[in-house]
Every structure is written in C-alpha cells, then in structure tokens.
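Worksheet: the structure to be examined is printed underneath.
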Amino acid sequence: MDAALERRRTARDRILDTAAELFYREGIRAVGIDAIIAKSGVAKMSLYRNFESKDDLVRAYLERNAVLHRDWWDRVVARYPGQPRAQLKGLFVSLGHWIAHPKFQGCPFTNAAAELRDPANPARAVAVAEKRAMRDRLRALAAEAGAGDPDRLAGQLHVLMEGAYATGPALGPDDGTGAVASAAAVLIDAACGPES
C-alpha cells in the first residue's frame with residue numbers, strides 16, 4: 001500500500017483492518033491484542049481509545065462484515081432484477097466462487113459463533129443476528145419465487161449454505177464449488193415448480 005495513503009488511514013481503520021485479517025485467517029481466540037497492535041503499527045493506548053476491549057473490537061469486526069455481506073447479497077440479486085428464482089440461484093453460484101477462493105476460511109459469522117460460546121457476548125449476538133437475517137432474506141426470496149413452503153426452502157438453502165461454509169476450508173478450492181450451486185438449483189426448482 002502507498003505510504004502516504006497508509007498514513008492517512010485512521011488508527012481505528014488500521015486496527016480494524018488488521019484485526020479483520022488476523023481474526024479471519026487465524027481465529028478470534030488465537031489472536032491477541034499485542035499481535036494486532038504490532039501488525040497495525042498503532043500504540044496500545046490508541047487501540048483502547050478506539051475499542052474498549054477485545055470483545056468490542058471483535059463486535060466491530062463482525063458489524064463491518066455484516067455490512068460487507070449485505071452489500072455482496074445486494075450486488076448478486078441486482079444482477080437479476082425481478083427474477084427471485086434467478087436471484088436465489090445466483091447467490092449460490094457466487095457462494096461457490098467464494099468458497100473456491102484460496103484465502104477462504106469459512107463464514108466469519110459461523111466461525112465467530114463457534115468460537116464465542118457465551119450468549120451474553122455482544123460479538124456473538126452480532127454473528128447470530130446476521131445468521132437469522134440471512135435466513136430471513138432467503139425466506140423472502142423463496143416466497144417471491146413462488147415456493148410452496150418458503151420456510152422449508154429457506155431452511156434447506158440455509159443448511160446448504162452453512163455446509164458450504166464448513167466444507168470449503170476443509171476440501172480446498174477445487175472440491176465442491178459447483179456442487180453448492182447445482183444442489184441449490186435442485187432444491188429451488190423442486191420447491192418452486194416449473195419455470196413459466
């Protein structure tokens with residue numbers, strides 16, 4: 001990155017960018033505050049001026065990822081205006097490309113929910129809320145696509161999505177990327193009937 005641009009980035013941005021990279025690649029519990037400070041190049045005081053605690057930093061990381069995830073979703077569905085069935089299928093094609101990326105380490109929300117077991121943890125609440133929102137968005141598209149039972153289709157697609165998140169890092173970029181899109185298409189077509 002250009003040195004002048006790096007200097008213009010705020011300490012908060014540098015901290016959050018560094019934390020996001022490390023949390024996603026290595027796991028939330030495995031990354032300590034000292035590693036974030038060292039890699040971001042900010043002082044400890046600066047970190048605590050921007051984030052009250054590591055939990056607060058993790059919450060901010062997940063909130064930023066929630067915005068990025070919603071932006072991804074919106075970009076995919078925008079490719080198929082007025083075509084909810086194609087929008088659903090497009091999400092799973094795009095998901096297949098995501099899990100094929102060599103840096104893919106699973107879904108940040110699934111990973112966080114698995115690591116942060118305390119229901120009172122505010123970061124866990126963000127992860128769980130994003131998972132619920134994802135299922136609600138799937139349900140809305142299933143209803144628009146004419147699914148006979150939108151709740152059931154949304155549940156099936158959500159489980160398929162979670163399975164892709166879980167198996168992607170384990171199987172690597174060459175296994176199963178097309179399988180998630182084709183499995184989703186079968187479920188969508190079966191639930192929504194023949195295309196008119």
(request) Convert each backbone phi in the stretch 84-96 into a coupling constant with the Karplus relation 6.51 cos²θ - 1.76 cosθ + 1.60 (shift: θ = phi - 60°), then list the ³J(HN,Hα) values in order as whole Hz, x for Gly and Pro. (result) x, 5, 5, 5, 4, 5, x, 4, 7, 5, 5, 4, x
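Mind checking the per residue accessible area of the chain for me, 1.4 Å probe, whole number of Å²?
On the way: 10230 Å² over 196 residues.
Ligands and nucleic acids excluded, the figure is 52 Å² per residue.
With the Cα gyration tensor of the stretch 1-112 in hand, convert its eigenvalues to equivalent ellipsoid semi-axes via √(5λ) and list them largest first in whole Å. List each step's numbers first, then the result.
On the way: eigenvalues 201, 48, 34 Å².
Over the Cα atoms of the stretch 1-112, the semi-axes work out to 32, 15, 13 Å.
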(message) Could you give each residue of the stretch 117-127 its phi-based ³J(HN,Hα) in whole Hz, using Karplus coefficients 6.51, -1.76, 1.60 with θ = phi - 60°, and x for Gly or Pro?
(response) 7, 6, x, 7, 5, x, 5, 4, 4, 5, 4
(request) Set the Förster radius R0 to 45 Å, insert the Cβ-Cβ distance between ARG9 and GLU195 as r into 1/(1 + (r/R0)^6), and round the FRET efficiency to 0.05. (result) 0.40
(message) Keeping all protein chains in the complex and leaving out DNA, RNA and ligands, what accessible area do you get for GLU21 with a 1.4 Å probe, in Å² to the nearest 10?
(response) 80
(request) Specify the inter-centroid distance of the stretch 179-194 and the stretch 136-150, based on alpha-carbon positions, in whole Å. (result) 13
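For LEU68 and LYS39 in the same chain, what is the full-extension length gain: residue separation times 0.36 nm, less their Cα-Cα distance, in nm? Numbers along the way, then the final one.
Values: separation 29, 0.36 × 29 = 10.44 nm, distance 2.29 nm.
8.2 nm is the gain from fully extending LEU68 to LYS39.
Keeping to pairs on different chains or 8 or more places apart, tell me how many lysine pairs in the chain have Cα atoms under 21 Å apart.
Details: LYS39/LYS54; LYS39/LYS103; LYS44/LYS54; LYS89/LYS131.
Close lysine pairs found across the chain: 4.
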(message) Just to be sure I understand: with springs between alpha-carbon atoms less than 10 Å apart, which residue in VAL93, VAL42, VAL76 has the highest mean-square fluctuation in the Gaussian network model of the chain?
(response) VAL42
(message) When the expected Rg is taken as 2.2 N^0.38 Å, what fraction or multiple of it is the alpha-carbon Rg of the stretch 72-115?
(response) 1.36
(message) Per DSSP helix of 4 or more residues, -39500 (n - 2.57); summed, then divided by the residues of the chain. What does that give at 222 nm, rounded to the nearest 500?
(response) -24500 deg cm²/dmol
(request) Would you kindly find the accessible area of TYR24, with a 1.4 Å probe and non-protein molecules such as ligands, DNA and RNA excluded, rounding to the nearest 10 Å²? (result) 50
(message) With every atom except the alpha carbons ignored, what do you get for Rg and Dmax of the chain, in angstroms?
(response) 18.8, 62
(message) Using Cα springs under 10 Å in a Gaussian network model of the chain, which residue among ASP151, ASP56, ASP34 shows the largest mean-square fluctuation?
(response) ASP34
(message) Which residue, ASN50, ALA100, LEU22, has the largest displacement toward the positive end of the dipole of the chain when charges sit on each Cβ (Lys, Arg +1; Asp, Glu -1)?
(response) ASN50
(request) Please give, to one decimal in nm, the separation of the simple spin-label points placed at ARG25 and ALA129, each 7 Å out from Cα toward the Cβ. (result) 2.9
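I need the calculated FRET efficiency for the pair ALA143 and ALA120, taking r as the beta carbon distance and R₀ as 25 Å, to the nearest 0.05. Each step should come with its number before you reach the end.
On the way: r = 34 Å, r/R0 = 1.35.
Efficiency at R0 = 25 Å is approximately 0.15.
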(request) Please work out how much accessible surface ARG14 shows to a 1.4 Å probe, ignoring ligands, DNA and RNA, in Å² rounded to 10. (result) 40
(message) Compute a Gaussian network model of the chain, connecting alpha carbons closer than 10 Å, and tell me which residue from ALA19, ALA183, ALA145 fluctuates the most.
(response) ALA183
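The values are calculated or read from the model by the stated rules, or taken from the named source; none is laboratory data. Keep in mind it's a predicted model, so treat the numbers as computed, not measured. Note that we place each Cβ from the backbone using ideal geometry, even for glycine, and neighbour counts take in every protein chain shown. SASA here: full protein model, heavy atoms, side chains in, ligands and nucleic acids out. Shrake-Rupley method; radii C 1.70, N 1.55, O 1.52, S 1.80 Å.
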